[in-house]
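Worksheet for the structure shown next.
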Amino acid sequence: MSSRIGAAVLGFLVGALFAAMGTVAHQSTAEIFGITVPWGLLLGLVGFTALLVGLRLVLHDRVTVLFTALGALVTIFVLSLRSTGGSVLIPEGALGLAWTMGPVIIAAIVLAWPRLPARPSPRA
């Protein structure tokens, strides 16, 4: 039981770290052949998806994945609030909306995805 609690706490902290890095980078863009590519947002969402899917595949435990997602979502919520100085890390706009809603949708899909049955071993 204590290992599950430790895994949940560690997952929460890792999720918070991923969300903090993604929040800082989600506004980064690059212009390629006249098209603005939001590489920070794409990298953040792909990284968050890889984290949750990887944990789900390796641990076969939804609790740790849930706490990892909660750590990320709580961090994104806190960082989206206006600070005492008036600055905001996640401003209104398409990138901000995608960064606040994307992880919620990703977490819901990864957590709700059914457990796939083990493949039977091939017969000789």
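The values are calculated or read from the model by the stated rules, or taken from the named source; none is laboratory data. Note that the structure is a prediction, hence the values are computed from the model and not measured. Quick reminder, even Gly has a Cβ in these numbers, built from the backbone with ideal geometry, and neighbours come from all protein chains shown.
When the test is whether a residue is at pLDDT 90 or above, of a type in the set (Phe, Trp, Tyr) and over 12 Å from the mean Cα position of the chain (by Cα), Phe18 does not pass it. Residues of the stretch 1-51 that are in contact with a helix residue (DSSP H, G or I) (Cβ under 7 Å, 6 or more places away or on another chain) and among the polar types (S, T, N, Q): Thr23, Gln27, Ser28, Thr29, Thr49. Of the residues making up the stretch 21-39, those that are in contact with a Gly (Cβ under 8 Å, 6 or more places away or on another chain) and at pLDDT below 90 are Ala25, His26, Gln27, Ser28, Thr29. Within the stretch 85-103, the set of residues being assigned to a helix (DSSP H, G or I), touching a residue at least 24 places away in the same chain (Cβ under 8 Å) and over 16 Å from Thr49 (Cα atoms) comprises Leu95, Gly96. For Arg62, state whether it is surrounded by fewer than 10 Cβ atoms within 10 Å (Cβ to Cβ), among the charged types (D, E, K, R) and free of Cβ contacts under 8 Å to residues at least 60 places away in the same chain. So Arg62 fails the test.
I'd like to check something: does the stretch 76-98 contain any residue that is surrounded by 14 or more Cβ atoms within 10 Å (Cβ to Cβ), polar (S, T, N, Q) and within 14 Å of the chain's Cα centre (by Cα)? Among the residues of the stretch 76-98, not one is surrounded by 14 or more Cβ atoms within 10 Å (Cβ to Cβ), polar (S, T, N, Q) and within 14 Å of the chain's Cα centre (by Cα), which makes the answer no.
Here Ala25 fulfils each of the conditions (1) in contact (Cβ under 8 Å) with a residue 40 or more places away in the chain; (2) farther than 19 Å from Ile109 by Cβ apart from (1). No other residue among Leu43, Leu55, Leu51, Leu10 is surrounded by fewer than 16 Cβ atoms within 10 Å (Cβ to Cβ) and farther than 12 Å from Trp99 by Cα apart from Leu10.
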